[in-house]
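The values are calculated or read from the model by the stated rules, or taken from the named source; none is laboratory data. From a predicted model like this one, the values you see are computed outputs, not experimental measurements. Cβ placement follows ideal geometry from the backbone for every residue including glycine, while neighbour counts extend to all protein chains displayed.
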Amino acid sequence: MVAFGKGIEANLGNELTPRQVQNAPQVTWEAKEGALYTLAMIDPDVPSRAYPNLSQGLHWLIVNIPGDDIGKGDVFAEQNGKVSDRSDIRRGFRIDVFAREHGLGTLVAGNFFQAQWHE
């Protein structure tokens, strides 16, 4: 589950507003005992859906999470909830490259939402 507040959840592509997703969500999953997990939140089309020419943007990355206790993981990148092309997200990050370089293995779970500024 990925929840940004009461009644505000990521649900396989639903539309949320940029204001709803500014802060770090509560993320839970069914964890295996003794396993370590990595949590990544990326923007797959930086700077925008119309012009995704900068690859991915990294919003949040925590590694070595024991079970589903995010607070005990190692923060690689603090959460940054900005989602517009004006944002200060970490551009050029590639989750596939990071996973390969760090031997992360098979994806365990995933979720996503859509958010964009309507100016």
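A few remarks follow.
- Checking each residue in region 3-22 for being at pLDDT below 95, on the phi < 0 side of the Ramachandran plot and more than 15 Å from the chain's Cα centre (by Cα) picks out 6, 17, 19.
- Residue in region 35-50 that is nearest to residue 104 (Cα to Cα), counting only those that are touching a residue at least 12 places away in the same chain (Cβ under 8 Å), over 14 Å from the mean Cα position of the chain (by Cα) and not in a strand (DSSP E or B): 35
- Counting the residues of region 15-42 that are touching a Pro at 6+ places or on another chain (Cβ under 9 Å) and acidic (Asp, Glu) gives 0.
- Of all the residues in region 23-32, those that are in a loop (DSSP other than H, G, I, E, B) and either under 12 Å from the mean Cα position of the chain (by Cα) or basic (Lys, Arg) (or both) number 4.
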